[in-house]
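These notes concern the structure reproduced below.
The values are calculated or read from the model by the stated rules, or taken from the named source; none is laboratory data. In this text the structure is predicted, and so the values were computed from the model without any measurement. Cβ coordinates were reconstructed from backbone atoms using ideal geometry, including for glycine residues, and neighbour counts include every protein chain displayed.
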Amino acid sequence: MAKINLLPWREERRQQLTKEYYLMLGLSAVVALALFGLAYYYFDQSIKFQNQRNTFMNTEIAKLDEQIKEIDKLEAKKAGLIARQQVIEELQANRTMMVHLFDELVKTIPNGVFLEKITQQGTVISMEGYSQSHSRVSDYMRRLDESAWFTKVELDYIKADDTLTTHEQKFKLSVKLVNPNRKQDDSVEEVS
């Protein structure tokens, strides 16, 4: 006679499949958590590494900023020293200028011209005085123009002065003072 299995094999098969399903579901969850953990660890380490690099860059930038400040201070000192040197050179070049100025004034002034007031603003010299005639003033201007120490001779005014009994002409003129020795020095430097 044939054996008939009356056991509920379908029920056992269903339970077997359910167990396998939950086992696969658990394994999938474990693998997913492991992958998530690995991704989280990788990105966390990347962020920490980038933060370390940022910190290093910030400290290096701070060091460079300090060096730039020090360089700026040195450049300011250098500019100050150069300005002082230029002032000293200017004073050295101009120290005899007043002597030459008065010497040239004496050499250029013709008879019949009298200076009353001399004022200087920078390199511009204004002279006020009296002359016996217009021609003496023009002679004086010509002599100033021929001098190596004066340029740009300009007559501001010339007018008759009624307060004097000698009928002299009152005049005012201005000239620019130059140093002919300095022009030679400049031309030598340009040639070099």
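Among the candidates 76, 93, which residue alone is under 24 Å from residue 148 (Cα atoms) and small (Gly, Ala, Ser)? Break it down stepwise before answering.
Working: 76 fails: under 24 Å from residue 148 (Cα atoms).
It is 93.
Residue-by-condition table, conditions (1) β-branched (Val, Ile, Thr); (2) in the same structural domain as residue 176 (by TED's automatic domain parsing); (3) more than 36 Å from the chain's Cα centre (by Cα):
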| position | (1), (2), (3) |
| --- | --- |
| 70 | no, no, no |
| 88 | yes, no, no |
| 104 | no, yes, yes |
| 110 | no, yes, yes |
| 115 | no, yes, yes |
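Would you mind finding the one in 123, 151 that is polar (S, T, N, Q), touching a residue at least 40 places away in the same chain (Cβ under 8 Å) and surrounded by fewer than 18 Cβ atoms within 10 Å (Cβ to Cβ)?
Values: 151 fails: touching a residue at least 40 places away in the same chain (Cβ under 8 Å).
Just one listed residue meets the conditions, 123.
Is region 80-95 home to any residue that is within 20 Å of residue 176 (Cα to Cα) and touching a residue at least 60 places away in the same chain (Cβ under 8 Å)?
Yes, region 80-95 has at least one match.
Rundown of residues vs (1) modelled with pLDDT of 80 or more; (2) in contact with a Pro (Cβ under 6 Å, 6 or more places away or on another chain), yes/no style:
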position	(1), (2)
104	no, no
124	yes, no
131	yes, no
139	yes, yes
160	no, no
167	no, no
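Looking at region 126-148, which of the residues that are within 30 Å of residue 93 (Cα to Cα) and of a type in the set (Lys, Arg) is surrounded by the most Cβ atoms within 10 Å (Cβ to Cβ)?
So, considering only residues that are within 30 Å of residue 93 (Cα to Cα) and of a type in the set (Lys, Arg), the one surrounded by the most Cβ atoms within 10 Å (Cβ to Cβ) is 143.
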